[in-house]
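One structure is given below, encoded as structure tokens.
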Amino acid sequence: MTEHTQVAGLSTDHLPNIERHLDRCYLQPGKLPGALTLVARRGEIAYVKAQGLMDVERNKPVRRDTVFRIYSMTKPITSIAMMQLYEQGRFLLDDPVHKYIPAWRHQRIYKSGVYPNFLTTPASSTMTIRDLFTHMSGLTYGFMQRTNVDAAYRELKLDGSRSMALEALVDRLAELPLEFSPGTAWNYSVSTDVLGYLVQLLSGKPFDEYLREHIFEPLDMPDTGFHVRDDQLDRFAACYQYQAGDQFTLQDDPETSPFRRKPQFMSGGGGLVSTIDDYFHFAQALCQGGEFRGRRIIGRKTLEFMCRNHLPGNQDLPGLSVGAFSETPFAGTGFGLGFSVKTDVAKSQTNGSVGEYGWGGLASTNFFVDPVEELVMIFMTQLIPSSTYPIRQELRAIVNGALL
């Protein structure tokens, strides 16, 4: 039998299967422009590999320091920021949201009609802060393209028009009905953008400043922010859109990208750009109970609380979800305070551990933390939408296969 070489209990003979798989199934057939994958265990990076191109038009290869749009991988960062304020006693999870946003006191539920002529009924429950964390608020996203309410979100550009201030988003949302009474169903939504507004409100600091001071600087994340600086432009990846026939076309050119300008709207739900090493520092802090290289961003017990399944009756997402969209396969997966949480490995049909948590982004980026195995995986690419290929599940199978 072959003797395995290993790093941190991971087979270094098996990990290159990641590179081979991505090359054979995605890069050579032209399904993805490029990819960057990092795997770490027990705090030690065991594998990091750049493949393909970060900018096809300019023939620029992916580099380890490539800057990516991480979209919804912003959500766990915003959730940690909000829970830092929870640790200071600034709010409680069962506080009604209208305690902090008075215009949201008398919320109503959509019954029929088209914007602006909606027929509504009063909500049967009060939206709490926890409902925002768990996406059980009754809010939605315009890109869901499922209901007349999300059509109104599209018309009003509530999914993150970079010119709309957070205050304006909150005011606009007050005028629209909810999809359902809070706490009764799960629907992916702008809830985390509202959490970003609350971070700003409760801390008394602009949201971007708060994140920089309390997360990015302590964790040495200099390349993470809401826009791409001039000194980062050469490392900024292009973003691509899936086309029928397993092709892709340019969706956002780095040179002319909206991300080149500092936005008015700092989206806690999807506004950040980052690098794989920056995001590794964040994910590794989570894996180590909230601390990285001696700098603590969240308490161990608070993090344990966040990573429990907060869905009612310990249900998984299929039992509560009204929308077909998610950044994770639904079965065997619950939702915590800002992350998906694996509740049943067999039911999920993807290898892993109970308690594994993480999330992904619109452009197919993904990360997970397995606290049982002390394992972190981060995958970066730039292809919209994230549901195009089952890469996330395939990578989990390969990475878990490397555990010794």
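Can you name every residue in the range 56-77 that is open to solvent by 40 Å² or more (accessible area, probe 1.4 Å), of a type in the set (Lys, Arg) and in a strand (DSSP E or B)?
Selection gives 60 alone.
Can you tell which of 82, 136 is part of a helix (DSSP H, G or I) and surrounded by 15 or more Cβ atoms within 10 Å (Cβ to Cβ)?
After ruling out the rest, the residue left standing is 82.
Restricting attention to the range 187-202, does a residue exist that is over 30 Å from residue 88 (Cα atoms) and open to solvent by less than 40 Å² (accessible area, probe 1.4 Å)?
Looking through the range 187-202, none of the residues is over 30 Å from residue 88 (Cα atoms) and open to solvent by less than 40 Å² (accessible area, probe 1.4 Å).
Quick one: in the range 39-55, of everything that is free of Cβ contacts under 8 Å to residues at least 40 places away in the same chain and open to solvent by 60 Å² or more (accessible area, probe 1.4 Å), which residue is nearest to residue 293 (Cα to Cα)?
Looking at the filtered set, the residue picked out is 44.
If you check residue 52 against the conditions, is it small (Gly, Ala, Ser) and either under 23 Å from the mean Cα position of the chain (by Cα) or not in a strand (DSSP E or B) (or both)?
no
Taking residue 333, is it in contact with a helix residue (DSSP H, G or I) (Cβ under 9 Å, 6 or more places away or on another chain) and either buried (at least 21 other Cβ atoms within 10 Å of the Cβ) or not hydroxyl-bearing (Ser, Thr, Tyr) (or both)?
When the stated conditions are applied, residue 333 passes them.
Please pick out the residue among 250, 211, 219 that is surrounded by fewer than 16 Cβ atoms within 10 Å (Cβ to Cβ) and out of contact with any Lys or Arg (no Cβ under 6 Å at 6 or more places or on another chain).
The match here is 250.
Quick check on the range 13-28. Is at least one of its residues surrounded by fewer than 17 Cβ atoms within 10 Å (Cβ to Cβ), touching a helix residue (DSSP H, G or I) at 6+ places or on another chain (Cβ under 7 Å) and of a type in the set (D, E, K, R)?
no
Here are some conditions: (1) open to solvent by 30 Å² or more (accessible area, probe 1.4 Å); (2) closer than 22 Å to residue 98 by Cβ; (3) in a helix (DSSP H, G or I). Residue 131 meets all but one. Which one does it not meet?
Residue 131 satisfies all of (1) open to solvent by 30 Å² or more (accessible area, probe 1.4 Å); (2) closer than 22 Å to residue 98 by Cβ; (3) in a helix (DSSP H, G or I) except (1).
Which residue, of 223, 277, is touching a helix residue (DSSP H, G or I) at 6+ places or on another chain (Cβ under 9 Å), closer than 17 Å to residue 64 by Cβ and either charged (D, E, K, R) or part of a helix (DSSP H, G or I) (or both)?
Among 223, 277, only 223 is touching a helix residue (DSSP H, G or I) at 6+ places or on another chain (Cβ under 9 Å), closer than 17 Å to residue 64 by Cβ and either charged (D, E, K, R) or part of a helix (DSSP H, G or I) (or both).
When residues of the range 168-200 are filtered for being assigned to a helix (DSSP H, G or I) and over 22 Å from the mean Cα position of the chain (by Cα), how many remain?
Matching residues across the range 168-200 total 4.
Being of a type outside the set (A, V, I, L, M, F, W, C) and farther than 19 Å from residue 222 by Cβ is the filter; apply it to the range 264-290 and report the residue that is surrounded by the fewest Cβ atoms within 10 Å (Cβ to Cβ).
Ranking the qualifying residues of the range 264-290, first place goes to 264.
Do you know which of the residues in the range 340-350 that are modelled with pLDDT of 95 or more and in a loop (DSSP other than H, G, I, E, B) is least open to solvent (accessible area, probe 1.4 Å)?
Checking each candidate, the answer is 343.
The values are calculated or read from the model by the stated rules, or taken from the named source; none is laboratory data. Here the structure is a predicted model, which means the values were calculated and not measured. A quick note on method: Cβ atoms are made from the backbone with ideal geometry, for glycine too, and the neighbour counts reach across all protein chains shown. These area figures cover heavy atoms from the full protein model, side chains too; ligands, DNA and RNA do not enter into them. Shrake-Rupley method; radii C 1.70, N 1.55, O 1.52, S 1.80 Å.
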